[in-house]
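Nothing in this text is a laboratory measurement; each read-out follows from the coordinates by a stated rule. As the structure is a prediction and not an experimental result, all values here were calculated from the model. Reconstructed Cβ throughout: ideal geometry from the backbone, glycine too, with neighbour counts over all protein chains shown.
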């Protein structure tokens, strides 16, 4: 959303559940979700006001505040003021075109990720995930409702995993890991798309196939642009530059780093395959054109001597001996048929047909 539209939204009071339109965009109210837990207790709820989150700031338990939707600027400002988040960080949260990055402010860490999901078979949805990690809290900001964090929610609810025994840094790791793991799902579907395009290239390449290849390349470029900087982000976290990440959690970050490298390698492989498919398509089209030109050339070559014969007897000379023959017409036809068949036999022996 353009920045001036966001400032206009700040001046508009939105009744609960209402929708407004700016241009062609549909703006929906922000959804705020709270998870508060430790080894002995668990609490989860969806709140109507950001003020309900503030009592959890100083609790000894781990608190996860998940905000879906960045349309309520007042809510973002309130949570920034209460948790003492720098105003430049709030601006980066609202300006959703950020590259993956990591910034350490001492008392908290700011992390930007890019999340991808399939809306349908062909369209990949991309949005920004902003994570604030404090000593005992994690705040995540998302552009729209819907994410890849359901496995993390289920692990918190079930209590069967160590996430409830660990601190906020492990929760932050879990959110990052969920985003990275979702990349493999996207790549798996792109791999299936590549196999489909390859089958089309081998069977019957069409102009639509070329369009599919270009769309695939654009998706891979977008993925690479969004995931490549994440390697440096995870690497900095892995080096333990912030005291908020304990040594026991850094071991898990090493695993996320390995997964990120694997995702990047897969993207590079897919890009090479897409470039190769483009070359195969162009070669296939060139071969088709060569086949057409070969057929046309053979037909033209067969008719050259026939045209010569017809041209001779089409001249208007009065004294041509064959013109008075009773069998002249069938004889000329016989000669032309023999010449045509002879040339076709010669082309066949040369394997030109």
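Taking the chain as a Gaussian network, where each spring joins two C-alpha atoms under 10 Å apart, which residue of 149, 317, 245 fluctuates the most?
Result for the chain, Cα springs under 10 Å: 317 fluctuates most.
Tell me, 75, 297 in order of fewest to most beta-carbon neighbours within 10 Å?
Details: 75 19, 297 11.
Starting with the residue having the fewest Cβ neighbours, the order is 297, 75.
Taking only the Cα atoms of the stretch 161-226, how large is their convex hull per residue, in Å³?
Values: hull volume 5.1 nm³, N = 66.
Expressed per residue, the convex hull around the Cα atoms of the stretch 161-226 is 77 Å³.
Most mobile of 113, 223, 323 per a Gaussian network model of the chain (Cα springs, under 10 Å)?
Among 113, 223, 323, the largest mean-square fluctuation in the Gaussian network model of the chain belongs to 323.
Rounded to the nearest Å, what's the spacing between the alpha carbon centres of the stretch 201-218 and the stretch 84-132? Just the number, please.
33
Quick check: from the Cα gyration tensor, does the stretch 211-353 come out rounded (a/c under 1.5), prolate or oblate?
On the way: a/c = 10.84, a/b = 6.02, b/c = 1.80.
Note, shape of the stretch 211-353 comes out prolate.
On a 0 to 90 degree scale, rounded to 10, what angle separates helix 73-82 from the longest Cα axis of the chain?
Once rounded, one gets 40 degrees.
What angle, in degrees between 0 and 90 and rounded to the nearest 10, separates the Cα long axis of helix 168-203 from the longest principal axis of the Cα atoms of the chain?
So the inclination is approximately 10 degrees.
Using a Gaussian network model of the chain whose springs link C-alpha atoms within less than 10 Å, name the residue from 49, 334, 140 with the highest mean-square fluctuation.
Among 49, 334, 140, the largest mean-square fluctuation in the Gaussian network model of the chain belongs to 334.
In Å³ and rounded to a whole number, note down the convex hull volume per residue for the Cα atoms of the chain. Show your work: numbers first, answer last.
Values: hull volume 79.7 nm³, N = 353.
Convex hull volume per residue, Cα atoms: 226 Å³.
Could you let me know the centre-to-centre spacing of the stretch 140-190 and the stretch 289-324, using Cα atoms, in angstrom?
77
Helix 328-349 sits at what angle to the longest principal axis of the chain, using alpha carbons and giving 0 to 90 degrees rounded to 10?
40
Pull up the DSSP beta bridges for the stretch 3-283 and report the antiparallel fraction as a percent, rounded to 5.
Percent antiparallel among DSSP bridges in the stretch 3-283 is about 85.
Does the stretch 199-284 classify as rounded, prolate or oblate by the C-alpha gyration tensor (a ≥ b ≥ c root eigenvalues; a/c under 1.5 gives rounded; else a/b over b/c gives prolate, otherwise oblate)?
It comes out prolate by the Cα gyration axes.
May I ask you to work out the translational diffusion coefficient for the stretch 42-100 at 37 °C, viscosity 0.692 mPa s, via Stokes-Einstein with Rh from the Kirkwood sum over Cα pairs, reported in whole µm²/s?
Working: Rh = 12.8 Å.
Approximately 256 µm²/s, per Stokes-Einstein.
Cα-based Rg (one decimal) and Dmax (whole number) for the stretch 199-248, in Å?
Calculated on Cα positions, Rg and Dmax stand at 19.9, 59 Å.
Quick one: compute a quarter of the convex hull surface over the Cα atoms of the stretch 294-349 and quote it in nm².
On the way: hull surface 17.1 nm².
Convex hull of Cα atoms, orientation-averaged projection: 4.3 nm².
Give the relative contact order (percent, whole number) for the chain; include only Cα pairs under 8 Å separated by 6+ residues. Walk me through the intermediate numbers first.
Numbers: 404 pairs, mean separation 43.2, N = 353.
Relative CO of the chain lands at 12 percent.
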